[in-house]
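Trainee: Below you will find the structure I want to go over with you.
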Amino acid sequence: GGGKTVKDEL
Amino acid sequence: NLFRIAGDISHLVSILILLQTIEKGKTTSGISLKTQILYVVVFVTRYLDLLTTYVSLYNSLMKIFFIASSVYVVWLMTSKYNKKFKEDQDVFPVKYLVGGSFVMSLLFHYKFTFSEILWSFSLWLEAVCILPQLFLLQKTGEAKAITTHYIFALGLYRALYIPNWFYRYYSENRLDLLSVSAGLLQTTIYSDFFYVYYQKVLKNWGFNLP
């Protein structure tokens, strides 16, 4: 899997 | 995915409701200035990555909108309409929310860097920053319906992010435990409000039936 975070969210 | 889009729309709608309420009524009565100032802090600390990372045009525009609108609301409350209404009941001790969020960000973060700590801080602060508003609502008792619609839309946004995170876990193998924990806390804080809101809406609906 890719990165852990969801920083592409708001 | 659908949950994420619905969540973002709900967030957008909540702010439009708030702005509409203030501009139409020319008063900020019943709105917690403390919560609104905390939102400025949340958005500014979360969206610092606007300067460093580009995700998409949509993402950047939404971030700019949330920062700008939160600053605008605080300006409306403190400058434009402050003479018409003085909020004596907005007295929730905000320092515990800020202090608690700061401690949580020191305990839970992905990297011990300035921006990562601030990002974590913004998640925890967002989770609790509605408390002064809910506290004010409880103190003033009778709230304007429109204020409750605002809080509902605002709470719904983070609640919709939860199925979105489930979806992303299964489809992208992505799991952000920090966001999920803070998001669950946030939705829990809203849950009592959701219940009351649901009851009232149902009740009113029932009364209006022919």
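Trainee: Hey, which of these cross-link pairs are over 25 Å Cα-Cα: B:Lys24/B:Lys80; B:Lys34/B:Lys63; B:Lys34/B:Lys144; A:Lys4/B:Lys34?
Mentor: Numbers: B:Lys24/B:Lys80 13 Å; B:Lys34/B:Lys63 21 Å; B:Lys34/B:Lys144 19 Å; A:Lys4/B:Lys34 33 Å.
As for pairs spanning more than 25 Å Cα to Cα, those are A:Lys4/B:Lys34.
Trainee: Right, something else. Would you list, by chain and number, the aspartates and glutamates whose Cα falls below 20 Å from the Cα of B:Lys203, excluding same-chain residues fewer than 8 positions away?
Mentor: Once the sequence-local aspartates and glutamates are set aside, what remains near B:Lys203 is B:Glu142, B:Asp192.
Trainee: Quick check: the angle from helix B:33-46's long axis to the longest principal axis of chain B, C-alpha only, nearest 10 degrees?
Mentor: Long axis of B:33-46 versus the principal axis of chain B: about 20 degrees.
Trainee: Size of the dipole of segment B:1-132 about the Cα centre, Lys and Arg at +1 and Asp and Glu at -1 on the beta carbon, nothing else charged, in debye to 20? Walk me through the intermediate numbers first.
Mentor: Numbers: 12 positive and 8 negative charges, 68 e Å.
The calculated dipole for segment B:1-132 is roughly 320 debye.
Trainee: In addition: What length, rounded to one decimal in nm, is gained on full extension from B:Asp49 through to B:Asn82, with 0.36 nm per residue of separation minus their alpha-carbon distance?
Mentor: Details: separation 33, 0.36 × 33 = 11.88 nm, distance 3.27 nm.
Result for the pair: 8.6 nm of gain on full extension.
Trainee: Right, here's the next one. Taking the Cα centre of segment B:58-206 as origin, sum charge times position over the Cβ atoms of Lys and Arg (+1) and Asp and Glu (-1), and report the length of that vector in debye to the nearest 20. The partial results should precede the final answer.
Mentor: Details: 14 positive and 9 negative charges, 77 e Å.
Value, rounded to 20: 380 debye.
Trainee: In terms of the Cα gyration tensor, with a ≥ b ≥ c the square roots of its eigenvalues, is segment B:79-210 rounded because a/c is under 1.5, prolate because a/b exceeds b/c, or oblate?
Mentor: On the way: a/c = 2.81, a/b = 1.33, b/c = 2.11.
Oblate.
Trainee: Helix B:114-128 against the longest principal axis of chain B: what's the angle in degrees, Cα atoms only, rounded to the nearest 10?
Mentor: 30
Trainee: With all distinct Cα pairs included, what does the Kirkwood hydrodynamic radius of segment B:1-157 come out to in Å, to one decimal, could you say?
Mentor: Here the Kirkwood hydrodynamic radius works out to 16.4 Å.
Trainee: Within chain B, which is the longest segment that contains none of the trypsin sites (Lys or Arg not before Pro) sitting in a DSSP loop with at most 10 other Cβ atoms within 10 Å?
Mentor: Values: sites that count: B:Lys83, B:Lys86, B:Lys111.
It runs B:112-210.
Trainee: For the protein assembly as shown, what does -39500 (n - 2.57) per DSSP helix run (n ≥ 4), summed and divided by total residues, give at 222 nm, in deg cm²/dmol to the nearest 500?
Mentor: Here the helix-only value at 222 nm equals -24500 deg cm²/dmol.
Trainee: Taking only Cα atoms, what is the 0 to 90° angle, nearest 10, from helix B:94-107's long axis to the longest principal axis of chain B?
Mentor: Tilt of helix B:94-107: around 20 degrees.
Trainee: In debye to the nearest 20, how big a dipole does the protein assembly as shown give about its Cα centre with +1 on each Lys and Arg Cβ and -1 on each Asp and Glu Cβ?
Mentor: Details: 21 positive and 14 negative charges, 89 e Å.
For this selection, approximately 420 debye.
Each reported figure results from applying straightforward, stated rules to the coordinates on display, with no laboratory input. A quick note: this is a predicted structure, and the numbers were derived from the prediction, not measured. Neighbour counts are summed over all protein chains in view; Cβ atoms, including those assigned to glycine, are modelled from backbone coordinates with ideal geometry.
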